[in-house]
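**Q** I have a structure here, written as structure tokens, and I will follow up with some questions on it.
The values are calculated or read from the model by the stated rules, or taken from the named source; none is laboratory data. What you see is a predicted model; the values in this text were computed from it and never measured. Please note: Cβ atoms are built from the backbone with ideal geometry, for glycine as well, and neighbour counts cover all protein chains shown. Each accessible area value is taken on the protein alone, full model and side chains, heavy atoms only, with ligands, DNA and RNA left out. Shrake-Rupley method; radii C 1.70, N 1.55, O 1.52, S 1.80 Å.
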Amino acid sequence: MGLAGLLALGLLVLVAVVFALGSVMGWGTAALDKVTDATTAAVAQTREDATRELEKAKSDVAAAVATAATSSEEATRALEDARTAVAGARDALAEPEAALNRVTDAVTLEAERAAAAAVVAAAPVLAERADAAGRVLDALAGPDPELWPKGLPLRQVHYRKGESVTEYGYEATEGFDLAQMREQLVALGYTEHVIAEGGDALEAVYRGPQQLVLSASLREGRQVIDVREAPLAVPAKPER
């Protein structure tokens, strides 16, 4: 704007000089008009250039202001992110055990969920296998001895009938008591002949309507009862 002002002032001085020369040298009015028009046009052109430069300057300033504002917003966001990260780091440093516990709890919870899902998925297969095993045991099972206590917590796992001897195999379940079984056998009319006994082991012969050879022992932590049933031997007739 200062440059345009100086240029306009110079043109006005030129116009004054032209008028003065015209008066002294006797130039005509038409010549003076042409000089005046040319000067006015030059001044107008100079103003347009100055205006364009001013508008351009304004645009540059506005762009600079906008860039500065955007940079300020980005800087603010970056600063907030940094503050959050620093706060988290400070918390972890201040309470490392609590931070570790949170991570451990999350891992444990995920493992428990995976284990529960695996159990649910495997449940039908396990149930089918248990049913199949039960059917096999039922197929192997047979009747109890002819004279045998009822309601004993025993599960028959073996049965084999021979010509003169029938074999039975039992496995004790929850609530079984060996001494109680012996009392019930005696109550049924058997006479007990103990061969060996000690703790959960017993070797005995029970004589009644038939003869039972009973063997009780622990196998792999489980009480097992083996019974061999046979008819009583017929006593020999006395010689005459």
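Residues are listed down the side, and each one gets a yes or a no for (1) outside any strand (DSSP E or B); (2) within 15 Å of E146 (Cα to Cα); (3) open to solvent by 70 Å² or more (accessible area, probe 1.4 Å); (4) of a type in the set (A, V, I, L, M):
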| site | (1), (2), (3), (4) |
| --- | --- |
| S164 | yes, yes, yes, no |
| Q180 | yes, no, yes, no |
| V186 | yes, yes, yes, yes |
| H193 | no, no, yes, no |
| L214 | no, yes, no, yes |
| S217 | no, no, no, no |
| Q223 | no, no, no, no |
| L232 | yes, yes, no, yes |
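**Q** Still on this structure, I have one more. I'd like the full set of residues that are within 19 Å of D200 (Cα to Cα) and among the aliphatic types (A, V, I, L, M), limited to the stretch 158-179.
**A** First, pick out the residues of the stretch 158-179 that are within 19 Å of D200 (Cα to Cα): 168-179.
If the condition is that a residue be within 19 Å of D200 (Cα to Cα) and among the aliphatic types (A, V, I, L, M), then A172, L178, A179 are the ones that fit.
**Q** Inside the stretch 153-162, can you point out the residues that are touching a helix residue (DSSP H, G or I) at 6+ places or on another chain (Cβ under 9 Å), open to solvent by less than 40 Å² (accessible area, probe 1.4 Å) and more than 11 Å from D226 (Cα to Cα)?
**A** Result: L154, single match.
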